[in-house]
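Have a look at the structure below, then the notes.
The values are calculated or read from the model by the stated rules, or taken from the named source; none is laboratory data. Everything numeric here is computed off the predicted structure, so don't read it as measured data. For neighbour counting, all protein chains shown are included, and Cβ atoms are generated from backbone atoms with ideal geometry for every residue, glycine included.
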């Protein structure tokens, strides 16, 4: 009986250890995020490149955002949330810009992504755990960084679906 209790105790200890290790490996450092964010910018630019100029206003339904609006939204939101909730300085470009051609759209994407990256990089480590109010709830600034990334992925995915709906092969996924 005592041997079984010892085995169970050892097993539970190993289980707890593995859970803690899994959680610690699941965390992303800010350096890793910044590399991932640069990749996200390049992937977004590839998505913009794939859509023909004459289809930038394409939307699958009248209530949906157009392809261009998806890209503008994900970009301006990344910069705007960075400015407002991650202590960003005033951007040197117009967050309310509505680029109307591919070159201007790509320049806007680049400006917004670069601004968000610089803002995240400048955020002191001790402020990452600081809890703030955002959109009616409390979150840490680290969670805000993750929110920006998730929001970007969501809207870029919609833009990729728009490309497919035009019968065009979207760019291959960029893992890193």
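Going by the structure shown, is residue 123 over 20 Å from residue 90 (Cα atoms), touching a residue at least 24 places away in the same chain (Cβ under 8 Å) and surrounded by 15 or more Cβ atoms within 10 Å (Cβ to Cβ)?
On the way: over 20 Å from residue 90 (Cα atoms): no; touching a residue at least 24 places away in the same chain (Cβ under 8 Å): yes; surrounded by 15 or more Cβ atoms within 10 Å (Cβ to Cβ): yes.
When the stated conditions are applied, residue 123 does not pass them.
Would you confirm whether or not region 52-61 contains a residue that is part of a loop (DSSP other than H, G, I, E, B), at pLDDT 90 or above and exposed (fewer than 10 other Cβ atoms within 10 Å of the Cβ)?
At the first step, the residues of region 52-61 found to be part of a loop (DSSP other than H, G, I, E, B) are 52, 56-61.
With the extra rule that they be at pLDDT 90 or above, the set shrinks to 52, 56-61.
Keeping just the survivors that are exposed (fewer than 10 other Cβ atoms within 10 Å of the Cβ) gives 61.
Yes; the residues of region 52-61 include at least one that is part of a loop (DSSP other than H, G, I, E, B), at pLDDT 90 or above and exposed (fewer than 10 other Cβ atoms within 10 Å of the Cβ).
Which of the residues belonging to region 75-91 are surrounded by fewer than 19 Cβ atoms within 10 Å (Cβ to Cβ) and either touching a helix residue (DSSP H, G or I) at 6+ places or on another chain (Cβ under 8 Å) or not in a helix (DSSP H, G or I) (or both)? Listed by number, the residues that qualify are 77, 83, 87, 89, 90.
Every condition in (1) modelled with pLDDT under 95; (2) surrounded by 11 or more Cβ atoms within 10 Å (Cβ to Cβ); (3) assigned to a helix (DSSP H, G or I) is met by residue 28 except one, and the failing one is (3). Of the helices (runs of 4 or more DSSP H) entirely within region 92-176, those holding at least 3 residues that are modelled with pLDDT of 95 or more occupy 102-122, 141-165.
Before we move on, is residue 72 out of contact with any helix residue (DSSP H, G or I) (no Cβ under 6 Å at 6 or more places or on another chain), part of a helix (DSSP H, G or I) and within 21 Å of residue 37 (Cβ to Cβ)? Yes; evaluated as a whole, the condition is true for this residue. The set of residues in region 105-120 that are surrounded by fewer than 22 Cβ atoms within 10 Å (Cβ to Cβ), free of Cβ contacts under 8 Å to residues at least 40 places away in the same chain and under 17 Å from the mean Cα position of the chain (by Cα) comprises 111, 118. For first residues located in region 81-100 and under 19 Å from residue 132 (Cβ atoms), partners that are in a loop (DSSP other than H, G, I, E, B) and lie 6+ apart or on another chain with Cβ distances below 7 Å form the pairs 82/88; 83/91; 86/123; 87/123.
Out of 7, 34, report the one residue that is within 25 Å of residue 175 (Cα to Cα), modelled with pLDDT under 95 and part of a helix (DSSP H, G or I). The match here is 34.
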